[in-house]
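This report refers to the structure that appears directly beneath it.
All of the numbers you see were taken from the coordinates with simple rules; none came from a lab. Predicted, not measured: the structure shown is a model, and the values here were computed from it. Note that we place each Cβ from the backbone using ideal geometry, even for glycine, and neighbour counts take in every protein chain shown.
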Amino acid sequence: MGLPEPGTYAVWHGVAYPVASVATDAVTLRVPREAGPLPGELEGGTRRDGDRWSRVPKASLERYYKVVVTVAWQGEDFGLASVSGDEAEILGSSPTVAARLGLDGDQYNGFHATVPVEELGVVDVQEREIDV
């Protein structure tokens, strides 16, 4: 089962890219290596993993948004932090649930665990627009 990828995204020339960093007037996009330089980028380069990065002006973005995913695990709802292969990082805030399910963390910084993707069910996916 494929899980939606949580994170911040920007649409540039009709394509959604993950946002790697944000400045006052620009965003840096993570671009697949085969895409090459993006039209209109302010600057760009190659990341250590071989993918590209492109800094583009915020004012020219077609869309800027955050994807928030809620998943169910062991009968409880959690935020989905990330997915890597067949594992996912989940986030929770309840000390009682964390103690019962063996999550790491504390009541001040939250609780987290790495769990198999196959054990998760998608409860909700929200796309929240970000003002440019």
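Note on the stretch 65-129: Kirkwood radius taken over Cα pairs, Stokes-Einstein applied at 25 °C and 0.890 mPa s, translational D equal to 203 µm² s⁻¹.
Taking each DSSP H run with n ≥ 4 as -39500 (n - 2.57) and averaging over every residue of the chain yields -1500 deg cm²/dmol at 222 nm. Taking every C-alpha pair closer than 8 Å and separated by at least 6 residues, the mean separation divided by the residue count of the stretch 65-129 gives a relative contact order of 42 percent. Viscosity 0.890 mPa s, temperature 25 °C: Stokes-Einstein D of the chain from its Kirkwood Cα radius, in µm² per second? Answer from the Stokes-Einstein relation: 149 µm²/s.
Computed from label points 7 Å out along Cα-Cβ, the spacing between THR70 and GLU89 is 2.2 nm.
In terms of packing, defined here as the mean over residues of other Cβ atoms within 10 angstrom, the peptides 70-76, 100-106 line up highest first as 70-76, 100-106. Listed values for the stretch 116-132 are Karplus-derived 3J(HN,Hα) couplings in whole Hz (6.51 cos²θ - 1.76 cosθ + 1.60, θ = phi - 60°), namely x, 4, 5, 8, 9, x, 7, 9, 7, 10, 10, 10, 10, 5, 10, 5, 8, and x replaces Gly and Pro. Relative to the Cα centre, the charge distribution of the chain, modelled as +1 at Lys and Arg Cβ and -1 at Asp and Glu Cβ, gives a dipole magnitude of about 480 debye.
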